[in-house]
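Here's the structure, in structure tokens; my notes come after.
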Amino acid sequence: MASIIINGQEHTLPEGEKLNAIQAATRYGVDIPYYCWHPSLSVVANCRMCEIEVGSKDPKTGEIKMVPKLVPGCQTPAKDGTVLVTDSPKVHEHQRMVMEYLLANHPLDCPVCDQAGECGLQDYSFEHGQANHRYVEERTVNPRKDVSDLIQLNQDRCIMCTRCVRFTREITQTGELQVRNRGHHAEIDIFRDHPLDNPLAGNVVDLCPVGALLDKDFLHSQRVWFLSKHDSVCTRCSTGCNISAEENRGALWRFKPRFNPHVNDYWICDVGRYSYKAANDAALLSACYLRTAGDLGPAAIDKVLIEVGRSLASIAGAGGKTIGILSPFLTVEEAYLAASYLKGLNPANVLALGQVPVEGEDWSVKPDSTTGRTGDTSFIIPRPFTIHAERCPNRLGVSAVLEHFEDGLIDFASASARVAAGEFDGLYFASDAIDPWTDEAAAKALRAGVKYLVVQDTNVTPLAQLADAVIAGATFAEKAGCYVNADGRLQYSEAALAPRDGSLPDLDVFAILLGRDPAPIRSRDVLAELAGVIPVFAVAKDGRLPVFGAPIEGAEGVGMGGVPFQDAWAQHRGAKSSGN
Amino acid sequence: MADFEPVLSRNWNVPDSHTLPVYESRGGYQSARKALTTMDPDKVVALVKESELRGRGGAGFPCGLKWSFLPKDRKETFMCINADESEPATFNNRLLMERDPHQLIEGIILGCFATKASTAYLYIRYEYINAYRILEKAVAEARAAGFLGKDILGSGFNLEIYVHRGAGAYICGEETGLIESLEGKRGWPRIKPPFPAIEGAFRKPTVVNNVETLCCVPHIVERGADWFKSIGTPKSYGPKLYCISGHVNKQVCVELPLGVTARELIEVHGGGVWKGRKAKLVVPGGISMGFLTADELDTKLDFEDIRKPGCLGLGTAAVTVMDDHTSIVDYLYNTTRFFAHESCGQCTPCREGCAWIYKTMKRIKGGGGRLVDLDIMLQLASNMGMMPGTTICGLADGASWPIRNAMAKLRPELEDYINTHQEGVRQITPLQEAIFAGQLAEPNLISISLPILNKV
């Protein structure tokens, strides 16, 4: 069994993983500070912050031989018999020196810097640096510049770790960024007339350990320590990127990627990154509506739900059929409760999948271990990243639920045709889509086909204008639940915002319609229930999912392993995030 | 030493020495013929190993050992010839390339034959336009005469030489920086391991040799390892080109056995210090190696003895002499400026440290120095470089050595300069002084000093 000695303590190395000293030490609770190293980028060892004392233990004699020089932890493989010393005076002295160098030309403008609070320089100078400063020379001030419409580069704050440059060369392979000039005048820059505008460009802001690369969208809008972070899933496409949805005072301020080796690695796309704005939209439905005497008027939610329940039950009682159109923006739990409700009213009721929005074609990057790489690549596991053309989070999940209740999946086109042909008396239209998918003509055709129309949505759509009852549902940020991504991975998404005034989360709507008691209902209980009922979801049978989600039955069983990763300065200090 | 016969520079003063007919008429390409037709590659490696030829580029790494690090099962090997001679005051490679390019080409043929490399990249310094033209012509001549190309001299050995011009960076003389630059990237040295012998240019096993090292190889093949070891001092065998420049009457490049003393170089070969003055400092091998003072002139300039008075190494054996009118401050100002300018900007300690030291030197020179600056500079210099392990390559060592030497050998002069040269406008302000001390600039306003979290 391979073992490693860290600060005198012997630990067993995990099998089948190639780790460097930083990763191995982190596993056992020893933090080695670093800047330039990132697990998915090649190792260049240029910040020199992670230098530690390294040695090896002779397996036969047990004698420990140390390397006389300090060695960067990022380029040191954690092998059997490796000895690491991270807390010696020599190491501390070195870290203090590197901090002094890094801050020599730093403007120390933390009060106006967005990175403050999640900054590698702040954290490490507190932990490893020194309070007074011996540098009395004139500072080198490299200029501030725009590298794209969305990203600003404050070169004076830059520590030249080149993470951003390596990202554009190794991951997106577009190579927009470069280093120019030499020595202390070295700076990151774009090539003239070639802005940093690839679909993953925003990730350089997350990669930047200091406040050099900043998102103009977030610029000076919030102090990061006021933001509460919620482990969520992006709903802008069927990739299902793991994100941290960051909220303060009832509004979302930004999305940041969360590591998931099976889905999005460390990245999110710019479309997903800025999709948070839809949850802050002032035009979202802010009340429920009921049609009385031909006019839609606001009504209390309980009144609307009673009315909807009574009307649909009376249709069923009279032998009429209702069709439920369930959108791929609903969570698995919501789809399950909605389907249970409608099928419970009348087993002849029909369930169909809502429109699956598609935009363009799938776009993907496939980094490998050589293209664009410069340094040591032996620790890297290259993983592809895809932005799906399918712009909804849960087609597979809702389909799996529908297929359990209904033989064969009915798509939106055939459902609309059947509604327009007058086959049904009632239509329950549960949308929550970010963009409306019915225009006025389609809405009129649907309306004309049924006697009673319920629309559950977050926006004022043409169909909602024609409905008999409008229920204000939850946006992606206001609901908790599970989604199944394009690869069949079931993932849990936390709610980031409280339900806005006048609305009720969809899960509660369906629970109340079902007559369940007591509301509010928890998505975990529903997940456990449906996992017992629908075999496809058996993996979630106790209502809990692993941190990285789990593949549903029939999906390719990509491994469940992996360890959550977050740069030290992005973590809550003191309490590390516990995932799910 | 009277019987020493120059070999590397023997053709330099022959008219048209850069052409193939002249070179051949003086016994050229006989070693290549001998090796390619009668020896196998391993035998050449063994011969060079036996001769204990040490790299002439600066570090003095044994050449044969370097060649034997290549993996046995390699498919393709590259040879890179380091002609990016950018160490200040060094010009021996330039003369070797301009005056006798075919000797170099023969050395490359032998080196490539020994390492089984069929592609050689000659990375030449941007500023050496003349040498570049001569080499291009010489390579074409050699190719036309069948010394390059396919099946050289009927041995089945193929070789192509590409002459590649650098873009003017000192750091590209570092072997991995050179490889990066050759690949078309920014010349930032790579981390080791993997060493170039395992994964070098284009991710293939690569040997990087200096021009002068390769020029020695034909002579070793021709005359044998014993001849080579009969020249020089123990552990430093063979002839060496010494470049003498600075305050001497005659600035020359002379070929001498390794181990000649600095005094002999100045007095005999450089014609003495100019204007009848005395030598104050002698830089033994490019400014990154530190310096010798007047008392240390009897030091032997070879790979071993030069370390005794605290120099970093022999370097390129570019001896720069400074007379007793030279101020140590001017010398340090120039060296620190050079390294601050040439630091590639990759590793934090070198990027920031070189600039910091340079700015401090500039302030001291201008008349704003403080005695404490000397301690800070010494501490910074001792903190950076490959020797304490804080940088990827050795540039920072080179930058720090002159400072370390100056502090150890001539500190009284520096202190004297600071004490006697003070100009108000150059001095640091009370505010800067307060920040430096970790205190408020006007402590009377608030009765506490700044909180000090962890004092040094």
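The values are calculated or read from the model by the stated rules, or taken from the named source; none is laboratory data. Treat the numbers as computed from the prediction; the structure is a model and nothing was measured. Don't worry about glycine lacking a Cβ; one is built from the backbone with ideal geometry, like all the others, and counts go over all protein chains shown. We work out accessible area using only protein heavy atoms, side chains counted, and drop any ligands, DNA or RNA first. Shrake-Rupley method; radii C 1.70, N 1.55, O 1.52, S 1.80 Å.
Per residue of B:351-363, other chain Cβ atoms within 10 Å of the residue Cβ number 6 on average.
Taken about its Cα centre, chain B carries a charge dipole of roughly 580 debye when the Cβ of each Lys and Arg holds +1 and the Cβ of each Asp and Glu holds -1.
Direction-averaged projected area, Cα convex hull, the range B:2-141: 9.8 nm², rounded to one decimal.
Packing, taken as the mean count of other beta carbons within 10 Å per residue, orders the peptides A:508-517, B:278-287 from highest to lowest as B:278-287, A:508-517.
The magnitude of the dipole of the protein assembly as shown, with charges of +1 and -1 set on the Cβ of Lys/Arg and Asp/Glu and taken from the Cα centre, is near 2020 debye. Its alpha carbons give the range A:163-268 an Rg and a Dmax of 15.3, 46 Å. Each pair of Cα atoms in the range A:3-99 enters the Kirkwood radius, and Stokes-Einstein at 4 °C and 1.567 mPa s then converts it into a translational diffusion coefficient of 96 µm²/s. Which value, in nm² and rounded to one decimal, describes the direction-averaged projected area of the C-alpha convex hull of the range B:172-317? So the Cα hull casts an average projection of 10.6 nm². Normalising the Debye intensity of the range A:182-243 to I(0), with uniform scatterers on Cα atoms only, and taking log10 at q = 0.15, 0.26 Å⁻¹ returns -0.71, -1.35.
Shown are B:THR429, B:THR213, whose ranking by accessible area with a 1.4 Å probe and every protein chain present, most to least, is B:THR429, B:THR213. For the range A:437-448, the Karplus equation 6.51 cos²θ - 1.76 cosθ + 1.60, evaluated at θ = phi - 60°, returns couplings of 10, 10, 8, 5, 5, 5, 4, 5, 5, 5, 4, 5 Hz by residue, with Gly and Pro reported as x.
Once the mean of 1/r is taken over each pair of separate Cα atoms and inverted, the protein assembly as shown shows a Kirkwood hydrodynamic radius of 33.3 Å. In this simple spin-label approximation, B:ASP226 and A:ALA251 carry label points 7 Å from Cα along the Cα→Cβ vector, and these lie 9.0 nm apart. Taking N as the residue count of chain A, its C-alpha radius of gyration divided by 2.2 N^0.38 Å amounts to 1.10. Here's the picture: charge each Lys and Arg Cβ at +1 and each Asp and Glu Cβ at -1 in the protein assembly as shown, and of A:PRO328, B:LEU104, A:ILE387 the one pushed furthest to the positive end of that dipole is B:LEU104. Ligands, DNA and RNA aside, A:ARG223 has an accessible area near 60 Å² when probed at 1.4 Å. Toward the positive end of the charge dipole of the range A:367-455, about the Cα centre and with charges on Cβ (Lys, Arg +1; Asp, Glu -1), which of A:THR374, A:ALA400, A:TYR428 goes farthest? Going by the Cα projections, it comes out as A:THR374. With one equal scatterer per alpha carbon and no solvent term, the Debye-computed log10 I(q)/I(0) for the range A:52-100 at 0.22 1/Å reads -0.79. Extent of the range A:435-536 along its three principal axes (Cα atoms, max minus min coordinate, largest first): 40, 34, 27 Å.
Can you divide the C-alpha Rg of the range B:20-230 by 2.2 N^0.38 Å and report the result to two decimal places?
Rounded to two decimals, the normalised Rg is 0.94.
Ranked by solvent-accessible area (1.4 Å probe, protein heavy atoms only, all chains present), the residues B:HIS421, A:HIS94, B:HIS247 order from largest to smallest as B:HIS421, B:HIS247, A:HIS94. Using alpha carbons only, the radius of gyration of the range B:71-115 set against its Kirkwood radius gives Rg/Rh = 1.09. When the alpha-carbon atoms of the range A:214-346 are used, the pair Rg, Dmax equals 20.0, 61 angstrom. Remark: accessible surface ordering of B:ARG277, B:ARG56 (largest first) is B:ARG277, B:ARG56, probe radius 1.4 Å. Rg of the Cα atoms in chain B, relative to 2.2 N^0.38 Å, amounts to 1.08.
Taking every DSSP beta bridge that has both ends in the protein assembly as shown, the antiparallel portion is near 65%. Residues whose amide H falls under 5 Å from that of B:VAL252, counting only those 5 or more places apart or on a different chain, are B:ILE244, with hydrogens built in the peptide plane. Taking 1.567 mPa s as the viscosity and 4 °C as the temperature, the Stokes-Einstein diffusion coefficient of the range A:384-506 based on its alpha-carbon Kirkwood radius rounds to 81 µm²/s. Note that the range A:453-464 has calculated 3J(HN,Hα) couplings of 10, 10, 10, 10, 8, 10, 10, 7, 10, x, 5, 4 Hz, one per residue in order, obtained from phi through the Karplus relation 6.51 cos²θ - 1.76 cosθ + 1.60 (θ = phi - 60°); glycine and proline are x. Pick out, from B:LEU380, B:THR390, B:GLN432, the residue whose Cα sits farthest towards the positive end of the charge dipole of the range B:328-453, with +1 on the Cβ of Lys and Arg and -1 on the Cβ of Asp and Glu. After comparing all options, I get B:THR390. Charges were assigned to the Cβ only: +1 to each Lys and Arg, -1 to each Asp and Glu. The resulting dipole of chain A about its Cα centre is roughly 740 debye. Computed over the Cα atoms of the range B:328-453, pair by distinct pair, the Kirkwood hydrodynamic radius stands at 15.6 angstrom.
Taking every alpha-carbon pair within the range A:502-572, the share separated by more than 18 Å comes to 57 percent.
Other chains' Cβ within 10 Å of A:372-379 residues: what's the mean?
3
Taking a quarter of the surface of the Cα convex hull of the range B:238-323 gives a mean projected area of 4.4 nm². Computed from backbone phi, the HN-Hα couplings of the range A:119-132 come to 10, x, 5, 4, 4, 6, 6, 5, 7, 10, x, 9, 7, 9 Hz, rounded to whole numbers (Karplus: 6.51 cos²θ - 1.76 cosθ + 1.60, θ = phi - 60°; Gly and Pro given as x). Bridges between two residues of chain B, per DSSP, are antiparallel at a rate of about 50%. Peptide B:189-200 shows a mean partner chain C-beta count of 2 within 10 Å per residue C-beta. Histogrammed with a bin width of 10 Å, the alpha carbon distances of the range A:320-410 distribute as 16, 32, 19, 15, 12, 5, 1 percent, first bin at zero.
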